[in-house]
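Only one structure is covered here, and it is reproduced in the block below.
Please treat every number below as a calculation from the coordinates, not as lab data. Treat the numbers as computed from the prediction; the structure is a model and nothing was measured. Please note: Cβ atoms are built from the backbone with ideal geometry, for glycine as well, and neighbour counts cover all protein chains shown.
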Amino acid sequence: METVPRVDGAIPGFPYEEYFAQSRPVIVTGVVDRWAACRKWTPQYLRSVFAETLVPVGIARSGHFRLDPSRSELEHPREMVPFDAYANYVEGGAGASGWHYYLQRLPLPDYCPALLADVGVLPFVAPERLSSQNLWFGPGGSCTALHWDDYDNAFVQIRGRKHFALFAPRDSPYLYPSPALSHAPHQSRVNIDHADPLEFPDFSRAERCTCVLEAGELLLLPTCWWHQVTSIDTSISVNYWWKADLESLLTSNVAHMMREIGRGGTLTVLKPFLAKVHGGTSFMDAAIRAERAGQHWMCVMLALAAIEEFVIVEARRIGALDGQYVMSLDVGTVGRRLAGVLTREDLERLDAAVACAHRTREMPLEQVSADDALFMIDHATAIVKQPVKVGAISADRGGALD
Ligand SMILES: O=C(O)CCC(=O)C(=O)O
């Protein structure tokens, strides 16, 4: 089993961005240990600052916190609890009642902006890309189940230790994600501590990488890395999520979702996902960027999404789609209702592009050729007169990641 490397970050010009660009997790020492938070923050200190502020605390029977794929929420509803009472519970030794409580990803700017004065600035996080800064506070044994996020992550351990089990994005086929159109497509169905080999026979092929993050250390966790996180002691952490580059999201995690969604219908449901990506402007732009990055499978699927979206938007505009459930329609058929928008030549291109994309969808990512990618760009560019920008269409069905 591999471990995550530790590097000393206290050198001028430390190459933070390279670790994200190359999708390599790393523990950085000698940086965040200088933050005031690492000196000041204890359960008692947090209690004095938050006082009776109500905070949403997660509840689980076992200490294992999982999302319910049908609700985009934890398996048990969170409870609003006064912070001071929760801090008493953490300090008093959890678990007496058989229930386990964990304060997960509490947005600090919303709940306690005063605490932000104690954390430093991360020079590699551009303010316009920052999505959230969250507090994680709980007793030993709190475990956030295996999942991946569509943001880059800087995870700062302030107090106590946390154990991380990581899997690279390429291991997604062995990690059995929840269904792509569920509310937790980024969560694994496998309990990695007691995996059932009959239910999840390929799990043993996944290569686990582990580490224990100590107080005063910073873990750089690039987007799409699967992680399960377990507090070893009473633990206080802060994490930063920010918009990842489009190219680093075009991984087998997203391919798995696209394949599953594409088998049942159109890919336009992935639009909210695109909106969370740095540089994600339209499916067409994304397809072109994927082609430039040599990600041919992704290019083909994104070009198909651009075509599907254009056909749906145009069909709605001229009233040819009333009441039809967009998720499962056949774009070839709908395209034929677009007289005046699509020419006969466009329709021939549409059929050829859909056939190419459906064939590609079932292929391993690395086997798709540059010719197929260019064929799709060419056809999509001809069909899609005006790429639909992010935010211009609302998807009919959720499925975007939290
Ligand atoms: O600390 C935890 O419990 C989970 C952290 C996590 O999942 C994250 O930062 O993405």
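Indicate, rounded to the nearest 5 percent, the antiparallel portion of the DSSP beta bridges found entirely in the chain. Spell out each step's value before the answer.
Values: 52 of 60 bridges.
Antiparallel: roughly 85 percent of the beta bridges in the chain.
In the elastic network of the chain, a GNM with C-alpha springs shorter than 10 Å, the most mobile of THR266, THR144, THR333 is THR333. Note that the range 69-84 has calculated 3J(HN,Hα) couplings of x, 8, 9, 6, 9, 4, 4, 10, x, 5, 10, 7, 10, x, 4, 4 Hz, one per residue in order, obtained from phi through the Karplus relation 6.51 cos²θ - 1.76 cosθ + 1.60 (θ = phi - 60°); glycine and proline are x.
Along the axis of the charge dipole computed for the range 102-169 (Cβ charges of +1 for Lys and Arg, -1 for Asp and Glu, origin at the Cα centre), the listed residues CYS112, LEU146, PRO127 are led at the positive end by LEU146.
First check a/c for the range 155-264, with a ≥ b ≥ c the square roots of the eigenvalues of its C-alpha gyration tensor; if it is under 1.5, answer rounded, and if not, answer prolate when a/b is larger than b/c or oblate otherwise. Please list the in-between numbers first.
On the way: a/c = 2.32, a/b = 1.45, b/c = 1.60.
It is oblate, given that a/c is not under 1.5 and a/b is not larger than b/c.
What is the percent of Cα-Cα separations in the range 6-52 that go past 13 Å? Pairs farther apart than 13 Å: 67 percent.
Which of the peptides 173-180, 294-301, 188-195 is most tightly packed, and how do the rest follow, judged by the mean count of other Cβ atoms within 10 Å per residue? Walk me through the intermediate numbers first.
Details: 173-180: 19.5, 294-301: 24.5, 188-195: 16.5.
Descending mean neighbour count gives 294-301, 173-180, 188-195.
If you model the chain as an ellipsoid using its alpha carbon gyration tensor, with each semi-axis the square root of five times an eigenvalue, the axes come out at 42, 22, 20 Å, biggest first. Using a Gaussian network model of the chain whose springs link C-alpha atoms within less than 10 Å, name the residue from ALA165, ALA306, ALA36 with the highest mean-square fluctuation. Top of the fluctuation ranking is ALA36.
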